[in-house]
Amino acid sequence: MSMRLQGKVAVVTGSSTGIGKACATLFAEEGACVVVNDEGIEQDLGPQVVEEIRAKGGTASYFCADVTKKEDIESLINYAILTYGRLDILMNNAVTGRSSALMDQEEEEWEKVYLSTVKAVYHSCKLAIPEMIKLGGGSIINVSSIHGMLGGRSGLAYSTFKGALLNMTRQIAVDYGCYNIRVNALCPGRIVTERKIGFLEQNPEEYRRQKAVYPLGRPGALHEIATAALFLASEESSFVTGHALAVDGGFTAQLQDSIITPLEKGISDELLERDIIWP
Ligand code: NAP
């Protein structure tokens with residue numbers, strides 16, 4: 001084990017499942033003490049992640065906090081510092097709220113997406129940065145999306161605030177780089193999480209569509225986003241800040257006609273029918 005995060009303390013918001021869980025687990029495998037968080041909708045999930053990490057010899061604790069609430073974020077960051085004595089890595093990953101096209105976008109849902117993305121990052125960074133300054137540096141990773149880079153269909157709140165997160169990332173990076181605090185964004189394409197796998201398995205057409213539109217011929221796996229997050233969290237990215245890292249199988253690298261052509265004209269059936277070989 002290479003232990004790239006030995007001695008570091010990490011908070012990963014929304015880490016009881018999906019991308020957050022994969023990142024929290026890998027950070028712990030690499031030696032970090034990790035605070036696992038969710039808002040406790042499925043009560044056992046967060047503590048289970050902690051048990052899994054501990055069973056593999058890692059160090060982790062669970063803290064239930066709703067990132068849409070300032071006081072919960074304060075308690076979460078304070079818990080990490082009180083429990084482990086420092087805070088080196090903050091991964092802002094949780095998101096909540098539904099998105100629609102403008103005319104259908106409900107204000108309440110718009111507000112939830114805003115609170116869980118831009119506002120949550122505003123509060124968490126304000127609390128984490130003074131601790132990181134004391135330590136002589138730190139790494140903040142804001143999970144955006146390819147929808148933060150380009151418009152999708154009917155996703156107003158999501159793409160608005162995931163897009164805002166990208167410039168917020170750059171701005172905080174510029175302002176606090178002099179303290180050796182690095183701030184980067186991850187922009188995942190479609191990643192097959194525990195919650196999405198069932199949907200994909202029941203909708204083979206959606207699987208086919210994703211094979212057709214992703215240049216690598218498949219959506220992403222959880223460990224592929226976790227290793228990108230590890231790179232940003234660790235000293236291996238010591239000269240990388242203010243960056244938006246697309247982890248999207250080449251999706252945002254292609255021209256629109258490269259997407260339309262395989263969908264409308266059909267790419268080789270052999271390619272679409274082939275089983276995905278996961279890395
Ligand atoms: P997921 O599987 O649905 O997991 C979301 C996690 O966030 C859960 O642990 C959930 O816990 C927690 N959470 C939700 N609302 C919260 C709140 N208010 N406070 C604290 N925790 C909260 O999500 P995911 O697909 O891994 O996505 C994670 C991040 O990656 C998101 O920022 C998403 O926008 C981004 N992303 C994902 C994809 C993808 O294809 N998966 C693509 C692009 C970007 P509870 O159950 O307790 O709510």
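Once the other residues with Cβ under 12 Å from the Cβ of Leu76 are scored (Lys, Arg +1; Asp, Glu -1), what is the net sum?
Summing Lys/Arg as +1 and Asp/Glu as -1 gives -4.
Excluding Cys64 itself, what net charge comes from residues whose Cβ is under 9 Å from its Cβ, given Lys and Arg +1 and Asp and Glu -1?
Every neighbour counted, the sum reads -4.
Given N residues in region 1-98, what is Rg(Cα) / (2.2 N^0.38 Å)?
Cα-based Rg divided by the globular estimate yields 0.98.
For every helix of n ≥ 4 consecutive DSSP H residues, a contribution of -39,500 (n - 2.57) applies; sum these over the chain, divide by its total residues, and give [θ] at 222 nm rounded to the nearest 500 deg cm²/dmol.
Helices in the chain give a 222 nm mean residue ellipticity of -13500 deg cm²/dmol.
For Glu236 and Gln43, what does the FRET efficiency come to when R0 = 22 Å and r is the distance between their Cβ atoms, rounded to the nearest 0.05?
0.05
Find the relative contact order for region 1-127 and round it to a whole percent, using C-alpha pairs within less than 8 Å whose residues are 6+ positions apart.
26 percent
By the scheme Lys and Arg +1, Asp and Glu -1, what is the net charge of all other residues having a beta-carbon under 14 Å from that of Glu52?
Spelling it out: positives minus negatives among the neighbours equals -1.
Between Leu271 and Glu206, what FRET efficiency comes out of the Förster formula 1/(1 + (r/R0)^6) with R0 = 22 Å and r the beta carbon distance, rounded to 0.05?
It comes out at approximately 0.85.
For Asn180 and Ile133 in one chain, what is 0.36 nm times their gap in residues minus the Cα-Cα distance, to one decimal in nm?
Working it through step by step, the gained length comes to 16.1 nm.
Measuring from label point to label point, each 7 Å out along Cα→Cβ, what is the His223 to Ser100 span in nm?
4.1 nm
Which distance in Å, rounded to a whole number, links the C-alpha centroids of region 143-176 and region 88-131?
When both Cα centres are located, 10 Å separates them.
Please identify the helices of the chain, taking whole runs of DSSP H, that span at least 24 Å along their own axis as judged from the Cα atoms and have a mean Kyte-Doolittle score of -0.5 or higher.
156-176
Output needed for region 151-279: three equivalent-ellipsoid semi-axes, defined as square roots of 5 times the C-alpha gyration tensor eigenvalues, in descending order, whole Å.
32, 17, 14
Using only the alpha-carbon atoms of the chain, report the extent along each of the three principal axes, biggest first, to the nearest angstrom.
Taking the Cα atoms of the chain, the three principal extents are 58, 44, 39 Å.
Roughly to the nearest percent, how much of the accessible area of region 103-159 is carbon and sulfur, given a 1.4 Å probe?
Heavy-atom surface of region 103-159 belonging to carbon and sulfur, 1.4 Å probe: 53 percent.
The values are calculated or read from the model by the stated rules, or taken from the named source; none is laboratory data. No experiment lies behind these values; they were computed from the predicted model shown. Cβ atoms come from the backbone with ideal geometry, glycine included; neighbour counts cover every protein chain shown. Side chains are part of the model used for accessible areas, which takes the heavy atoms of the whole protein and leaves out ligands, DNA and RNA. Shrake-Rupley method; radii C 1.70, N 1.55, O 1.52, S 1.80 Å.
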